[in-house]
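Only one structure is covered here, and it is reproduced in the block below.
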Amino acid sequence: MDIEQFYSADERRRQSAEVEFGTNWFDAAGNRYELSWVEDTGELYAMLERVPEAESWTPFGDIEVEHMATSDVVVTVVARIGTRDEVERILEGWETEMSVPDGISWVAARLREHGVATGSPGA
């Protein structure tokens, strides 16, 4: 589902606090993900931004995209975890793992290991 469908499907998501667990996760194909946990629903979701052709590049080599359609942002609920303490325990070490190539597979493996996985981007 796209990001707007995700929030519209359950209004608690829109109102809830969210805890971010990194914005630069990559899969083996080089796709970039963001990982966040929604406090009111206990959902850990991965957001894949399908980036269209670059409109320009920053001096640092980053792609600049001025307009991204909501349909280009794909959201997958990858786990249901009841508390912030539990999600932090399960994802302990994420800051280091995010910088590893195909780091999103580490997330998928951790979620499976702890029996909370519902979907697995990049795995």
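The values are calculated or read from the model by the stated rules, or taken from the named source; none is laboratory data. Source: prediction; values computed, not measured. All Cβ positions, even for glycine, are placed from backbone atoms using ideal geometry, and neighbour counts span all protein chains on display. The area values use the complete protein model at the heavy-atom level, side chains included, leaving out ligands, DNA and RNA. Shrake-Rupley method; radii C 1.70, N 1.55, O 1.52, S 1.80 Å.
Counting only protein chain heavy atoms and rolling a 1.4 Å probe, the accessible areas of D102, D2 rank, largest first, as D102, D2. In the complete set of protein chains, residue-level accessible area for E92 is approximately 130 Å², probe 1.4 angstrom.
A 1.4 Å probe, protein heavy atoms only, puts the accessible area of W94 near 50 Å².
Net charge within 10 Å of E34 by Cβ-Cβ distance, Lys/Arg positive one each and Asp/Glu negative one each, not counting E34 itself? Net charge in that neighbourhood comes out at -1.
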